[in-house]
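*Asks:* Can you read through this structure? Questions will come right after.
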Amino acid sequence: MADTQTTAPAAKADASKNATIPTAVVKRIMTEAGCQRISPDAAEELGRVLVEHGKKLGAAAAATAQHAGRTTIKKEDVALASQ
């Protein structure tokens with residue numbers, strides 16, 4: 001018989017590796033920071049940088065929670081990791 005297992009979990013895992021922040025959201029953040037004109041390339045690059053920084057921050061917060069004997073990341077873990 002054919003394998004009935006779906007590939008959805010693998011596809012979901014691949015999507016999380018290439019996570020992006022919508023350009024409109026990045027442009028809004030930049031506008032709130034005082035930027036008046038934002039090229040699409042600039043918004044895309046900032047989005048990429050934010051995702052990479054978020055991954056590093058998330059990993060540090062996870063390590064903080066694990067050190068405290070928890071699997072749940074709390075607000076305090078993120079705050080500590082961001083210092």
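Bear in mind that the values in this text are calculations on the coordinates, not laboratory data. Note that the structure is a prediction, hence the values are computed from the model and not measured. All Cβ positions, glycine included, derive from the backbone under ideal geometry; neighbour counts span all protein chains shown.
*Asks:* Tally time: how many residues in the stretch 53-70 are surrounded by fewer than 12 Cβ atoms within 10 Å (Cβ to Cβ) and within 26 Å of I21 (Cβ to Cβ)? Before you say what the answer is, go through the steps one by one.
*Replies:* Step one: list which residues in the stretch 53-70 are surrounded by fewer than 12 Cβ atoms within 10 Å (Cβ to Cβ), which gives 53, 56, 59, 67, 69.
Next, from what is left, pick out any that are within 26 Å of I21 (Cβ to Cβ): 53, 56, 59.
Residues that pass the stated criteria total 3.
*Asks:* Pick from A79, A42: which is of a type in the set (G, A, S), farther than 14 Å from T20 by Cβ and under 16 Å from the mean Cα position of the chain (by Cα)?
*Replies:* Result of the check over A79, A42: A79.
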